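Comments concern the structure below.
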Amino acid sequence: MEFFPSTLSRLESDALAERITGAMAQPLPGRIAQRGWGWWAVEVKNKHRFIGFVGISVPTADLPFNPCVEVGWRLDYSYWGYGYATEAAQAAIAFGFRVLALDNIVSFTTLNNQRSQAVMRKLGMQRSPQTFIHPSVPADTGLQEHCLYELSSADWRSQNH
């Protein structure tokens, strides 16, 4: 979470996992329980170690390009640079276009996050020329200004066939 305003406490992390999965939700189910898709756990094959999550989700923030579905990732720092985010995001995007028949998938990050932007480019996404101020990021963090990347179903299909 290098480019997030702060890391999560254990309690906040557990609450996020509950919002994602809805495994113990009463009476409101989590996003995966509601939709059948969302942020999925990622583990390294044959190690069975949770290293983060990747998937597609409907952002909860009031973004200037809503409604949308985003592809995103958060991985443990020790697993950066091995292609896990790209590989898992490719699978999430394929699910979004093949199974959910989405027209478009977006991704966004703070301007300084060059690693995530590199993943977005590897995914075939195109950067929008405009930036935006993320309404959920505090102004005093220096992380409010974000860039938007987009991938249409048509572009994805032409890249993958």
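The values are calculated or read from the model by the stated rules, or taken from the named source; none is laboratory data. Since we're looking at a predicted model, the values are computed, not measured. Cβ placement follows ideal geometry from the backbone for every residue including glycine, while neighbour counts extend to all protein chains displayed. Each accessible area value is taken on the protein alone, full model and side chains, heavy atoms only, with ligands, DNA and RNA left out. Shrake-Rupley method; radii C 1.70, N 1.55, O 1.52, S 1.80 Å.
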Write out, first by first residue and then by second, each pair whose Cβ atoms fall under 6 Å of each other, whose residues are 6+ apart or on separate chains, and whose first residue, in region 43-57, is touching a residue at least 60 places away in the same chain (Cβ under 8 Å) while the second is outside any strand (DSSP E or B) and among the hydroxyl-bearing types (Ser, Thr, Tyr).
-> none
Output the qualifying pairs, or none if there are none: Cβ atoms under 8 angstrom, residues six or more apart or on different chains, first residue in region 129-145 and without any contact (Cβ under 8 Å) to a residue 24 or more places away in the chain, second residue open to solvent by less than 70 Å² (accessible area, probe 1.4 Å) and among the hydrophobic types (A, V, I, L, M, F, W, C).
-> 130/148; 131/111; 131/147; 131/148
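Can you go through 132, 97, 108 and tell me which one is among the aromatic types (Phe, Trp, Tyr) and open to solvent by 30 Å² or more (accessible area, probe 1.4 Å)?
On inspection, the qualifying residue turns out to be 108.
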How many of the residues in region 138-159 are hydroxyl-bearing (Ser, Thr, Tyr), more than 20 Å from residue 66 (Cα to Cα) and open to solvent by less than 70 Å² (accessible area, probe 1.4 Å)?
-> 1
Give just the number: which of (1) farther than 22 Å from residue 35 by Cα; (2) out of contact with any strand residue (DSSP E or B) (no Cβ under 6 Å at 6 or more places or on another chain); (3) among the charged types (D, E, K, R) does residue 76 not satisfy?
-> (2)
Pull up region 63-83, narrow it to residues that are under 11 Å from the mean Cα position of the chain (by Cα) and of a type outside the set (A, V, I, L, M), then point me to the one that is least open to solvent (accessible area, probe 1.4 Å).
-> 72
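So which of 119, 99, 106 ends up being in contact with a strand residue (DSSP E or B) (Cβ under 6 Å, 6 or more places away or on another chain) and under 16 Å from residue 55 (Cα atoms)?
After ruling out the rest, the residue left standing is 106.
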